[in-house]
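Here the structure comes first, spelled out in structure tokens, and everything after it is commentary.
All of the numbers you see were taken from the coordinates with simple rules; none came from a lab. Since we're looking at a predicted model, the values are computed, not measured. Cβ: placed from backbone, ideal geometry, glycine included. Neighbour counts: every protein chain shown.
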Amino acid sequence: MFRQLISEIDSYIERDPALRSRWDVVLSYPGFHALTFYKASSWLWRRRLFTLGRFVSHLGRIFSGIEIHPGARIGDRLFIDHGMGVVIGETAEIGDDVTLYQGVTLGGTSLAKGKRHPTLEDGVIVGSGAQILGPFTVGAGARIGANAVVLAAVPPGVTMVGIPAKIAERAKPESEPQDFAAYAVASSEITDPQAGAIAALQAELAELRARIDELEGDCGGRVNAARSA
């Protein structure tokens, strides 16, 4: 148990260069505090002490600004950076070594009982303000850009941006190592695929306008020549 705790703390140090020591994590990181409350509330929830589990979860929300339902299933070394406004729903499932930034929602879009919230596989990174809504899976190593709204399953290793989110960068080959990307920004060259499509349409429109001007000029010249004759 002590080794697991140290592993959890060290995972924060590995992913946040602002940290100077393990005590920084224990004393001043709301993500660590929220997970501590979650473990207590989840222990109660699994023993069918639902009201008490929700109450402990609520205390964690007051103390850390992060809301984690005690029914959620969370793997090892979850890193919640900054964390204010993070919401993790009841049937959400989170794998190992996942990173969430402030304002992230793992929410549901259905009022029906059963699986309503997303599953995040190992190594997923979710940027600030992103909303992942529905009972689908975000594949291992995927990156969700800031403020993206994800409404459907995400393949492993890709980078998603936009509203609704679309693939902006494909997965790297397995032989090529995937480095940690803070805020899910893997490359400065990533662009919104919709913005690229709009830019292409604008370029085509400009070309068509130039062609129309050219044709109008030719027609005008012929009319003037005919009048002169």
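Each residue of region 48-53 was assigned a 3J(HN,Hα) from its phi angle through the Karplus curve 6.51 cos²θ - 1.76 cosθ + 1.60 (θ = phi - 60°); the sequence is 6, 8, 5, 5, 5, x Hz, with glycine and proline shown as x.
I'd like to know which of Gln4, Val25, His58 lies farthest towards the positive end of the charge dipole of region 1-63, counting +1 on Cβ of Lys and Arg and -1 on Cβ of Asp and Glu. Final value for the positive-end residue is His58. For region 1-103, the relative contact order works out to 23 percent when only alpha carbon pairs closer than 8 Å and six or more residues apart are counted.
Sorted fewest first by neighbouring Cβ atoms within 10 angstrom, His58, His33 come out as His58, His33.
If both residues of a DSSP beta bridge must be in region 2-190, then about 10% of such bridges are antiparallel. What aspartates and glutamates sit close enough to Lys113 to cross-link, taking a C-alpha to C-alpha distance under 19 Å and skipping anything fewer than 8 places away on the same chain? Partners within reach: Glu90, Glu93. Between the amide H of Ala168 and those of Thr159, Met160, Val161, distances stay under 5 Å, these residues lying 5 or more places away or on another chain, with hydrogens modeled in the peptide plane. Using θ = phi - 60° in the Karplus curve 6.51 cos²θ - 1.76 cosθ + 1.60, the 3J(HN,Hα) couplings for region 84-89 round to 3, x, 5, 10, 10, x Hz; x is entered for Gly and Pro. Less than 5 angstrom separates the built amide H of Ile80 from those of Leu100, all sequence-distant by 5 or more or on a different chain. Once both labels are positioned 7 Å from their Cα atoms along Cα-to-Cβ, the gap between Ile13 and Ser110 label points is 4.4 nm.
Ranked by how many other Cβ atoms sit within 10 Å of their own Cβ, fewest first, the residues Ser42, Ser11, Ser28 fall in the order Ser28, Ser11, Ser42.
The local environment of Leu120, defined by Cβ-Cβ distances under 11 Å, has a net charge of -4 under the rule Lys, Arg +1 and Asp, Glu -1.
The modelled label-to-label distance between Glu204 and Lys166, using points 7 Å beyond Cα along the C-beta direction, is 1.3 nm.
Database remark: amide H of Val154 closer than 5 angstrom to the amide H of Thr137, Val138, Gly139 (H placed geometrically; neighbours at sequence offset of 5 or more, or on other chains; Pro and chain starts carry no H).
Between Thr51 and Ile212, the simple spin-label model (points 7 angstrom out along Cα→Cβ) gives 7.0 nm.
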